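Trainee: Before I ask anything, here is the structure I am working with.
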Amino acid sequence: VFAYGQTNSGKTYTMRGSANEPGIIPLAVHDLFRTIQQHMDREFLVRMSYMEIYNEEINDLLVPEHRKLQIHENYERGIYVAGLSEEIVTCPEQVLKFVSFGESHRHIGETNMNVYSSRSHTIFRMVIESRDKADDSDTDSCDAVRVSVLNLVDLAGSERAAKTGAEGVRLKEGSHINKSLMTLGTVIKKLSEGIKGQGGHVPYRDSKLTRILQPALGGNANTAIICNITLAQVHADETKSSLQFASRALRVTNCAEINEILTDAALLKRQRKEIEELRAKLKNSQSEHLDEDVLHLRNTLLQSELEKERIALELEEERKAKEQREKRLLQQAKKIENLSSLVLNSERDDRAIVSSKNKRRQTWCARPLSNEFSVEV
Ligand SMILES: Nc1ncnc2c1ncn2[C@@H]1O[C@H](COP(=O)(O)OP(=O)(O)OP(=O)(O)O)[C@@H](O)[C@H]1O
């Protein structure tokens, strides 16, 4: 959807609207999420980007530091702006928050005709990917992802520079704005003449605007151009030129087809793949953890068994040592007993000797007594 027309004709108002009268962007965003909710049989992934083309330079409105971005083209992604940030969004409020953030970084300037004149073209883009939920259970499914792109474009004013009183910076802006719009006009003219069908050249590459929007302009797209005009007599020629542009655009015939992608170019597919890989990793890491736990438990068990054996050995040794000690004590006790019996015997013998000596003393006059036995224990 393009908003085309001279400055101050209400293009930005048409796209954004006001709190009471929402414009195309908020209406389309709400409509999109409402439709998503109604399609319970499909899963969706929605992402958005917001850029401006100012003086033929592409700036990212969501990440203002991303400036002067380049356009690339490859087989997988088609035409794309390298380095342009894309936000995955899940509800209208989130999208509109990003939009107002982007708006605050758009280039605006004062002209004779509009105090807040948009000096750049802005492209608000939503990429909607979806797939059938039933594909999860169906192993034979082709796993196709449907990809749609919605471009909501607010063009800068199409008026001639003299009218806006432009000079200096504004004049430079004007020449770039006109270059893009002129190329857009030429592209629309060529398409309306059916040049493409005849194999002729369509100059998409002559401006950043037409190059980025090439897929939305020729062929596989539904394109709507909102032509904003002012009724004032002074702007009659601008109004006429806008209406001429609109009537040319009307003659362009497009044939929109459903884009089904089977390669990994669809983010939804890549994300699903990533989720599955992460799930597998998680599963593996869980079983790795289990193995680690089992190993740890086995080690602990082994250690406690070794400890048990060591304690048993120590106890055995202690028991043997105790037995030895008891044996030795028993032997000593026996020895003591023997010796004490000897002592007793010797005492008795001693007493016997003493009494016999005494008897002898009594008989053969006494001799001095001496200890003839000594016992060592
Ligand atoms: N339908 C409308 N109802 C109320 N106000 C409107 C309407 N359309 C435009 N306006 C007002 O007119 C003024 C100019 O509109 P707007 O900025 O949308 O023009 P524009 O075409 O985007 O201009 P430029 O190309 O310079 O950016 C704004 O103040 C806007 O609020």
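The values are calculated or read from the model by the stated rules, or taken from the named source; none is laboratory data. If you're wondering where the values come from, they're calculated on a predicted model, not measured in any experiment. All Cβ positions, glycine included, derive from the backbone under ideal geometry; neighbour counts span all protein chains shown.
Trainee: So residue 238 ticks every box in (1) within 16 Å of the ligand (Cβ to nearest atom); (2) surrounded by fewer than 17 Cβ atoms within 10 Å (Cβ to Cβ); (3) not β-branched (Val, Ile, Thr) but one. Which box is left unticked?
Mentor: Failing condition for residue 238: (2).
Trainee: Here's a follow-up. Residues 272, 251: which one is modelled with pLDDT under 85, surrounded by 15 or more Cβ atoms within 10 Å (Cβ to Cβ) and either away from the ligand (no atom under 15 Å from the Cβ) or in the same structural domain as residue 44 (by TED's automatic domain parsing) (or both)? Step through it out loud before you land on a result.
Mentor: Details: 251 fails: surrounded by 15 or more Cβ atoms within 10 Å (Cβ to Cβ).
Only one candidate passes the filter, namely 272.
Trainee: Which of the residues that make up region 231-250 are of a type in the set (A, V, I, L, M, F, W, C) and over 10 Å from residue 188 (Cβ atoms)? Outline the logic, then answer.
Mentor: To start, the set of residues in region 231-250 that are of a type in the set (A, V, I, L, M, F, W, C) comprises 231-232, 234, 236, 243, 245-246, 249-250.
Passing the criteria: 231, 232, 234, 236, 243.
Trainee: If a residue must be closer than 21 Å to residue 126 by Cβ, more than 10 Å from the ligand (Cβ to nearest atom) and out of contact with any Phe, Trp or Tyr (no Cβ under 7 Å at 6 or more places or on another chain), how many such residues does region 1-32 contain? Before the answer, list the steps.
Mentor: As a first pass, look at region 1-32 and keep what is closer than 21 Å to residue 126 by Cβ: 1-4, 11-17, 22-32.
Subset that is more than 10 Å from the ligand (Cβ to nearest atom): 1-2, 22, 24-32.
The next check asks that each one be out of contact with any Phe, Trp or Tyr (no Cβ under 7 Å at 6 or more places or on another chain); those that pass are 1-2, 22, 24, 26-32.
The number of residues fulfilling the criteria is 11.
Trainee: Inspect all residues belonging to region 288-299 and state whether any of them is over 30 Å from residue 79 (Cα atoms) and among the polar types (S, T, N, Q). So that I can check it myself, show each step before the final result.
Mentor: Going residue by residue through region 288-299, those that are over 30 Å from residue 79 (Cα atoms) are 288-299.
Now narrow it down to the ones that are among the polar types (S, T, N, Q): 299.
Among the residues of region 288-299, at least one is over 30 Å from residue 79 (Cα atoms) and among the polar types (S, T, N, Q), which makes the answer yes.
Trainee: If I filter region 57-70 for residues that are under 24 Å from the mean Cα position of the chain (by Cα) and within 16 Å of the ligand (Cβ to nearest atom), do I get at least one hit?
Mentor: Scanning region 57-70, I find at least one residue that is under 24 Å from the mean Cα position of the chain (by Cα) and within 16 Å of the ligand (Cβ to nearest atom), so the answer is yes.
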